[in-house]
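Reading through the structure tokens given below for one structure.
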Amino acid sequence: MNFFNILLPIAAEGIFTYSSDNHALPGTRVAVSFNNRKIVGIVLGETKEPPFKCKEISIILDEIPLFDKQWLEFIRKISEYYLTPLGSTLFGVLSPRVLASSPPKRPCLPKPLSIVDVDLSAEQKAIAERISADMSSFYPHLIHGVTGSGKTEIYMELIKRVAAIGRQTLYLVPEISLTPQLFELLSARLGIAPSVFHSKLPHKARADAFWQFALGETPFIVGARSALFIPSEKLGMIILDEEHEKSYKQEETPSYHLRDMAVLYAKIKKIPIILGSATPQVESYFNAANGKYSFHTLPNRIFGASMPTFNIIDIKKEYTKKIMAEPLLQELTETVSRGEQAIIFLNRKGYSTSLYCKVCGALQYCPNCSVPYTVYRSGRLLCNYCGSSARYSGCSVCGSTETYCAGVGTERVEEYLEERFPNQIVRIDADSVRSAGRLTRLIADFGSKKAQILVGTQFIAKGLHFPDVTFVGILGIDNILSLPDFRASERGYQLITQISGRAGRGKKCGIIHIQTMMPNHPLLNTEIYGGQNAFYDYELPRRAMFKYPPYTKLSRFLFAGGDERVTEEVSERVVYNIKKEFPKVIVLGPAKAPISKMNNLYRYAALIKSNSNKNIAELIKRAAAIFEKEKTAGIIFRADRDPYYFM
Ligand code: ADP
Ligand code: ZN
Ligand code: ZN
């Protein structure tokens, strides 16, 4: 009898010993019975006979290991860094259903590309050459190219070169449903429909894409974050586009950042990784500027197209019920009458962001959260945090049903514009595009000029290319710049740059109007947008001064519980002990989280700042141990490493 350690995708450490008369190599999949159900796990290795009776492996599924040593090392490192048990890590990165699916029975032959070449510009060519100079070592690259500078063409050139040496490319994008235009481009240029992998695909399609890539059949795959975890022996390069996107940070366990994990994996696999963005995250820019990544810049738009011009409109004085400042509306009207297209940006969904009682003035809150209800045009009230929804039946304080709305959302803007430009409006936000098909249709409608004005949230900031858009109006930037988050400036900079990057991508020049109550905010100084590095020159010294990343490492503790006082007490005891045990680390808090109640749980947070990664893992482990000792039933503790969410 032989004995094996098997890793199971379950929310626990997940390593169990099973026996077999046969031999199973590390990295092969086996089916076992666990808690009376059949589950597929991965063999970690052989082990000696345990002192207890163990179950037998039901079936050994693979002859040849699918998950090589490097892949297993990768999963282990994620588990260590984010302090997540190994089984939970496996469960979090790979769907158990995909893991249990069967490979195709047919022989897997690599599909050939059939390439339609374009002439790269001298700058594009130089970058492609520099990157492909060494394709068989770990080499992180950052391409900092302004919007419309032709980054995607460089990626396609590299995919081609990687395929030519018989290897595969993994092409990661933040939100797969937003990329119909990218698919068309890839198919047209590389001659095969791109294989895609993301969690919203039906199971069969997902399993097929998984196997095709794992077995080397597809030369490249386009995927959202889960694609990083498809094992593939022939992986030769990783591309991660829009590397600054905060959706790359996973909220669920393990709460990894996809970019950081992609760099780690490339290092383990000894392959190049290409990060691309028009607005790199400050940390990435810093890494590139310091030589940790190789730095490539594209300071100009392709074919000498000019960058858009900015105009800041002070709306303090005309702060009335107006939705759009006069100059903005006028520019929009002129754009439309010239037959050109416009984009209006606002980061608030719904009709109105707050509902007040006309009699007593009370703002109407979600009963479960310390968050005001969002009002929809349909009359429904919805909480964006817990998802609870209601019909307004009267003021929560005085019962009166007379109300007024404040704070404009995208539905309200759509209504306002519909009155002025009938049948010319397309709205894209998380509500209007619940299905990927609908999004594709809306994008196609706007692309084919069925409508001239696109109203949307940050959804529309990413990668869309409409050559006839010449005007962008930004209505809602103030609330982003005012967020209690050290990345608020960065976020504002990125949104303004990305959204304005949708304008003037064709032959005509783009114009941007930003309406604001804070015209003197440093991020609304147009000099910030005048040069590719201006923002970073402004922001880096501030980060250094206030001891924020990239100069420090952050972690965040969150305590949540049904009883406010008890939650606060537990958070205080844990943090007090941590401060005592780790005197060199800066610990701020605990304090009420900005959203102090969510889903009927009261929330307290603490922020940990440390000069290095050393000690942090130990500190978090200690905090978890102290919490275990101190906790009262019903209180939750979460430690988030390198957090992006501070609410
Ligand atoms: P980015 O990703 O940097 O915003 P894109 O790669 O989308 O820029 O390029 C902008 C536009 O210019 C696209 O329509 C693209 O097809 C086109 N383009 C880029 N490089 C070239 C080239 N060398 N020849 C022809 N068209 C190009
Ligand atoms: Zn009232
Ligand atoms: Zn709520």
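The values are calculated or read from the model by the stated rules, or taken from the named source; none is laboratory data. Since we're looking at a predicted model, the values are computed, not measured. Counting neighbours? That spans all protein chains shown, and the Cβs are built from the backbone with ideal geometry, glycine included. These area figures cover heavy atoms from the full protein model, side chains too; ligands, DNA and RNA do not enter into them. Shrake-Rupley method; radii C 1.70, N 1.55, O 1.52, S 1.80 Å.
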### Task
Please list the non-local residues whose amide H lies under 5 Å from the amide H of Ser396, H modeled 1.01 Å from N, same-chain partners needing a gap of 5 or more.
none
### Query
Between the DSSP loop rule and a limit of at most 13 other Cβ atoms within 10 Å, which trypsin sites (Lys or Arg not before Pro) in segment 69-163 are left?
Lys105
### Query
What is the sum of charges around Leu524, taking Lys and Arg as +1, Asp and Glu as -1, for the other residues whose C-beta is under 12 Å from the C-beta of Leu524?
-3
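Send over a whole-number figure in Å² for the accessible area per residue of segment 122-302, probe 1.4 Å.
With the other protein chains kept in place, segment 122-302 gives 32 Å² per residue.
Ranked highest first by average number of other Cβ atoms within 10 Å, how do 9-20, 162-173 line up?
Packing proxy ranking, top to bottom: 162-173, 9-20.
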### Query
Under the Karplus relation 6.51 cos²θ - 1.76 cosθ + 1.60, θ = phi - 60°, what is the ordered set of whole-Hz ³J(HN,Hα) values for segment 585-599, x standing for Gly and Pro?
8, 7, 10, 9, x, x, 9, 3, 5, x, 9, 7, 9, 9, 6
### Task
Restricting attention to the chain, give the cysteines that have no other cysteine Cβ less than 4.7 angstrom from their Cβ.
Cys54, Cys108, Cys386, Cys405, Cys509
### Message
Probe radius 1.4 Å, ligands and nucleic acids ignored: give me the carbon and sulfur share of the accessible area of segment 122-302 as a rounded percent.
### Response
53 percent
### Task
Using only Cα atoms, locate the centre of segment 124-164 and the centre of segment 294-334, then give the distance between them in Å, rounded to an integer.
31 Å
### Query
How large is Rg over Rh for segment 12-101, taking Rg from the Cα atoms and Rh as the Kirkwood inverse mean of 1/r across Cα pairs?
0.94
### Query
How do the peptides 436-442, 138-144 rank, highest first, by the average count of neighbouring beta carbon atoms within 10 Å per residue?
138-144, 436-442
## Note on the structure
The relative contact order of the chain, taking Cα pairs under 8 Å that sit 6 or more residues apart, comes to a percentage of 11 percent
### Cα-based Kirkwood hydrodynamic radius, the chain, one decimal, Å
27.0 Å
### Task
Would you please give the residues with an amide H less than 5 Å from that of Ile344, counting only those at least 5 places away or on a separate chain, with H modeled from the backbone geometry?
Leu454, Val455, Gly456, Gly473
### Message
I need the GluC sites (Glu not before Pro) found in segment 55-146, filtered to DSSP loop residues with at most 15 other beta carbons within 10 Å of theirs.
### Response
Glu63
### Task
Show that you can apply the helix-only estimate: for the chain, add -39,500 (n - 2.57) for every DSSP H stretch of four or more residues, divide by all residues, and state [θ] at 222 nm to the nearest 500.
-9000 deg cm²/dmol
### Query
log10 I(q)/I(0), Debye, Cα-only segment 290-375, no solvent, q = 0.10, 0.14 Å⁻¹?
-0.57, -0.85
### Query
If the cut-off is 16 Å between C-alpha atoms, which aspartates and glutamates fall inside it for Lys267, apart from same-chain ones fewer than 8 positions away?
Asp68, Glu73, Asp134, Glu233
### Query
Rg to Rh for segment 446-520: what is it, with Cα atoms only and Rh by Kirkwood?
1.00
#### Entry: Translational diffusion of segment 58-113, µm² s⁻¹ [Kirkwood Rh, Cα pairs; Stokes-Einstein; 20 °C; 1.002 mPa s]
157 µm²/s
### Task
On the protein heavy atoms, probe 1.4 angstrom, tell me the percent of accessible surface of segment 553-641 carried by carbon and sulfur.
51 percent
### Query
Pairs Lys151/Lys462; Lys349/Lys450; Lys547/Lys584: which exceed 20 Å Cα-Cα?
Lys349/Lys450
### Message
Longer than 24 Å from Cα to Cα, which of Lys69/Lys270; Lys317/Lys508; Lys48/Lys69; Lys316/Lys597; Lys592/Lys629; Lys592/Lys631 are they? Say none if no pair is.
### Response
Lys317/Lys508; Lys316/Lys597
### Task
Restrict the search to segment 310-389; then list the GluC sites (Glu not before Pro) that DSSP places in a loop and that have at most 12 other Cβ atoms within 10 Å of their Cβ.
Glu318
### Query
In whole Å, how far is the Cα centre of segment 235-252 from that of segment 435-512?
20 Å
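Carbon and sulfur atoms: what percent of the 1.4 Å accessible area of segment 2-100 do they account for?
That fraction is 52 percent.
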### Message
Please list the three semi-axes, largest first and in whole Å, of the ellipsoid equivalent to segment 553-641, using sqrt of 5 times the eigenvalues of its alpha carbon gyration tensor.
### Response
22, 13, 10
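Accessible area per residue of segment 540-647 at 1.4 Å probe, in Å²?
It amounts to 50 Å² per residue over segment 540-647.
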